[in-house]
Amino acid sequence: MIDSHAHTHYSKHAVGSVNELVEAAIVKGVKILTITDHAPFYVDSKNRLLETELNQYFEDINRAKEIYDDDIMILTGLELDFMPESYSYLEKMLSQLELDFIIGSIHYIPIKNETVRVWDLPHLNETKVLNSYFSALRQLIESKLFDVVGHPDTILRSVSEDVYWRYIEPLLPLFKKNNIGYELNTSGLRKSSFDIELGQKTYDKWSYPSKLVVAELIKLSTTFTIGSDAHDPVDVGKGLQEIISELIPIGLKNISYFKSRQRIDVEVA
Ligand SMILES: [Zn+2]
Ligand SMILES: [Zn+2]
């Protein structure tokens, strides 16, 4: 079991210390855990590490590596926010850090005079939002800053698979071409969806990852990572086996993780 996406209290909207997260992961049978708190970013300071906390964050992880060495491999990561204008900010920050793994995610979608967030579910279907999201996604993929795109398909919480496919299809060959992975984020099994017709939230629906898209990415020899995106130790490791066993029949053979930014492939089928 590999979990390459998990948060601690350093993300502020998540709970649990590094040690609590690691201990929960060991109990669940996770063998390789990458801790990926939200990196400092100028859009907000309340939902992420502050620059002044980075040293303590790395110290906590390094101490956990020593304490739990016999039971689990712990890797140091960050989840960075990507916005098209953020390239030089992110490039500068990354040049100063030594990390095993870097996730690039879109949480904020810039529209003319406002910013739509990927959890503003009723707005995600608007054409201007979709155009902005997929334009940013292309730039993220081509930025060469990241090892993987975090939850590229999270907008499936309210966007239909047909619409997602129409926008993502031209980008699919770019993952392999730019040597960046596609994350299988298992929080799609836990999070609510938004039913446009009913105008309300629904639960217990597998919203992402999209099997249609994953099948095509497998044909294109794309790298996949997998992560629970736990924001609470109780969720670490959740959904990993479920997603993998659903995707093996459509051709999934390998899951990768990263150590010192080097990809390591693990056979799953
Ligand atoms: Zn995220
Ligand atoms: Zn996350």
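Looking only at residues in the range 216-256 that are in a loop (DSSP other than H, G, I, E, B) and touching a strand residue (DSSP E or B) at 6+ places or on another chain (Cβ under 6 Å), the one that is farthest from His13 (Cα to Cα) is Thr222. Among Phe146, Phe134, which is part of a loop (DSSP other than H, G, I, E, B), in contact (Cβ under 8 Å) with a residue 24 or more places away in the chain and buried (at least 17 other Cβ atoms within 10 Å of the Cβ)? One residue alone meets the criteria, Phe146. The set of residues from the range 1-24 being within 23 Å of Ile264 (Cα to Cα), touching a Phe, Trp or Tyr at 6+ places or on another chain (Cβ under 9 Å) and away from ligand 1 (no atom under 16 Å from the Cβ) comprises Ile2, Val22.
Taking the criterion of being free of Cβ contacts under 8 Å to residues at least 12 places away in the same chain and outside any loop (DSSP other than H, G, I, E, B), the residues of the range 105-131 that qualify are Glu114, Arg117, His123, Thr127, Asn131.
Tell me yes or no: at least one residue of the range 170-190 is over 17 Å from Gly251 (Cβ atoms), free of Cβ contacts under 8 Å to residues at least 12 places away in the same chain, polar (S, T, N, Q) and assigned to a strand (DSSP E or B). Scanning the range 170-190 turns up no residue that is over 17 Å from Gly251 (Cβ atoms), free of Cβ contacts under 8 Å to residues at least 12 places away in the same chain, polar (S, T, N, Q) and assigned to a strand (DSSP E or B).
Number of residues in the range 133-165 that are of a type in the set (A, V, I, L, M, F, W, C) and within 19 Å of Ser4 (Cβ to Cβ) equals 6. Total residues in the range 62-90 satisfying the condition of being among the aliphatic types (A, V, I, L, M) and either modelled with pLDDT under 95 or closer than 25 Å to Ser143 by Cβ (or both): the figure is 5. Being of a type in the set (Lys, Arg), assigned to a loop (DSSP other than H, G, I, E, B) and surrounded by fewer than 18 Cβ atoms within 10 Å (Cβ to Cβ) is a condition met by at least one residue of the range 199-215. Does Ile102 satisfy the criteria of being closer than 20 Å to Pro233 by Cβ, part of a strand (DSSP E or B) and not hydroxyl-bearing (Ser, Thr, Tyr)? The answer is no for Ile102. When the range 87-99 is filtered for residues that are away from ligand 1 (no atom under 16 Å from the Cβ) and either at positive phi or outside any loop (DSSP other than H, G, I, E, B) (or both), the ones remaining, listed by number, are Tyr87, Ser88, Tyr89, Glu91, Lys92, Met93, Leu94, Ser95.
Taking Ser187, is it surrounded by fewer than 17 Cβ atoms within 10 Å (Cβ to Cβ) and small (Gly, Ala, Ser)? Considered against the rule, which asks whether it is surrounded by fewer than 17 Cβ atoms within 10 Å (Cβ to Cβ) and small (Gly, Ala, Ser), Ser187 comes out as no.
Selection over the range 30-86 of residues that are assigned to a helix (DSSP H, G or I) and either surrounded by fewer than 14 Cβ atoms within 10 Å (Cβ to Cβ) or in contact (Cβ under 8 Å) with a residue 12 or more places away in the chain (or both) gives a count of 19. Checked against the criterion of being closer than 15 Å to Arg157 by Cβ and within 16 Å of ligand 2 (Cβ to nearest atom), the candidates Asp229, Asp235, Asp195 yield just one match: Asp229.
Only one of the numbered conditions (1) at pLDDT 95 or above; (2) under 23 Å from Leu172 (Cβ atoms); (3) basic (Lys, Arg) is not met by Arg261, and that is (2). The number of residues in the range 235-259 that are surrounded by fewer than 21 Cβ atoms within 10 Å (Cβ to Cβ) and under 18 Å from the mean Cα position of the chain (by Cα) comes to 7.
The values are calculated or read from the model by the stated rules, or taken from the named source; none is laboratory data. Note that the structure is predicted; figures quoted are calculated from it, not measured. Using ideal geometry, Cβ is built from the backbone for each residue, glycine included, and neighbour counts are taken over all protein chains shown.
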